[in-house]
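Engineer: Sending over a structure as structure tokens; questions will come in a sec.
Values quoted throughout were computed directly from the atomic coordinates according to the rules given, and no laboratory measurement underlies them. No experiment lies behind these values; they were computed from the predicted model shown. Reconstructed Cβ throughout: ideal geometry from the backbone, glycine too, with neighbour counts over all protein chains shown.
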Amino acid sequence: MRKPLKIAGFEIFKDCLTPAVQAEMVADLRAVAQAAPMRHPVTRWGKQMSVKMTSAGRVGWISDRRGYRYEAQHPDGMSWPDIPQKILDLWQNITNLDREPDCCLINYYGEGARMGLHQDNDEEDFTFPVLSVSLGDDGLFRMGGIERGGKTQSVWLSSGDVVVMGGDARLAYHGVDRIRFGSSSLLPDGGRINITLRVVQD
Ligand SMILES: O=C(O)CCC(=O)C(=O)O
Ligand SMILES: [Mn+2]
């Protein structure tokens, strides 16, 4: 593994995955989405998110009128599919942790989708990093500090890039301002997939 770029505590591993591995991950994620369909979550205030989501793992991340949380079941009632083995292997290679993640949150950004600045703070233990993998179109990733409203820096994430949000960056604000729709040919219909691997409960 090459040395990562470090920006505001975020570790960015460019070109971490070969095109063949990216394609295999996409196939695995399609199978997950077939078993646990993607949907546009709504916020507590009833606003529909532009990103579509589903999860794999012991628990999945949910947002609805009751707020944000992890749940053991998809909103349609089924258990979440297992996290694909290649994704678990990547987690192990990058983090060196014996502990597997509880949740693999899968986001799909279609044309015009974005994700506002937020912290990942619905987990119980922040000593474990969150690992993020980008597949498909480029996304403009914005990184800040642990206070809302602080200075931010941005980087374009491309297909196969991996970001580790650990240590000081574990609770740092981050978001995706926009994607370059059609910039990658990995997904035949365009768009960007991002997965985040999270330990939810210690
Ligand atoms: O799409 C990304 O790169 C970030 C996704 C994210 O922050 C999240 O799912 O919490
Ligand atoms: Mn996040």
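Engineer: Quick one: if the Förster radius is 22 Å, what FRET efficiency do Asn93 and Lys14 give, using the C-beta to C-beta distance and rounding to 0.05? Could you put the intermediate results ahead of the total?
Structural biologist: Values: r = 16 Å, r/R0 = 0.71.
The computed FRET efficiency comes out at 0.90.
Engineer: Another one. Do the alpha carbons of any pairs in Lys6/Lys47; Lys14/Lys47; Lys14/Lys52; Lys3/Lys52; Lys14/Lys86 sit beyond 28 Å of each other, and which pairs? Walk me through the intermediate numbers first.
Structural biologist: Working: Lys6/Lys47 34 Å; Lys14/Lys47 33 Å; Lys14/Lys52 25 Å; Lys3/Lys52 32 Å; Lys14/Lys86 18 Å.
Beyond 28 Å: Lys6/Lys47; Lys14/Lys47; Lys3/Lys52.
Engineer: Counting other C-beta atoms within 10 Å, which of Lys3, Lys52 has the fewest, and how do the rest follow? List each step's numbers first, then the result.
Structural biologist: Values: Lys3 7, Lys52 19.
Ordered from fewest to most neighbouring Cβ atoms within 10 Å, Lys3, Lys52 come out as Lys3, Lys52.
Engineer: For a quick check: with amide H placed at 1.01 Å from N, whose amide H comes under 5 Å from Gly9's, ignoring anything fewer than 5 positions away on the same chain?
Structural biologist: none
Engineer: Also: Could you compute the longest span of the chain free of GluC sites (Glu not before Pro) located in DSSP loops and having at most 16 other Cβ atoms within 10 Å, not counting the site residues? Working shown, then result.
Structural biologist: Details: sites that count: Glu111, Glu124, Glu147.
That gives 1-110 as the longest site-free run.
Engineer: Still on this structure, I have one more. With a cap of 13 neighbouring Cβ atoms within 10 Å, and only residues DSSP puts in a loop, list the chymotrypsin sites (Phe, Trp or Tyr not before Pro) found in region 1-107.
Structural biologist: Filter output for region 1-107: Trp45.
Engineer: Something else now. For region 124-202, run through the trypsin sites (Lys or Arg not before Pro) and keep only the ones in DSSP coil with at most 16 other Cβ atoms within 10 Å of their Cβ. Don't skip to the end; give the middle numbers.
Structural biologist: On the way: sites: Arg142, Arg148, Lys151, Arg170, Arg178, Arg180, Arg192, Arg198; in loops: Arg148, Lys151, Arg170, Arg180.
Here the trypsin sites (Lys or Arg not before Pro) that fit, given the DSSP loop and packing criteria, are Arg148, Lys151, Arg180.
Engineer: If you project the alpha carbons of region 5-198 onto the principal axes, what extent comes out on each, in Å, largest first?
Structural biologist: 40, 39, 38
Engineer: Taking a ≥ b ≥ c as the square roots of the eigenvalues of the Cα gyration tensor of region 148-202, is the shape rounded (a/c under 1.5), prolate (a/b larger than b/c) or oblate? Mind showing how you got there, number by number?
Structural biologist: Working: a/c = 2.70, a/b = 1.51, b/c = 1.79.
Since a/c reaches 1.5 but b/c is at least a/b, the shape of region 148-202 is classed as oblate.
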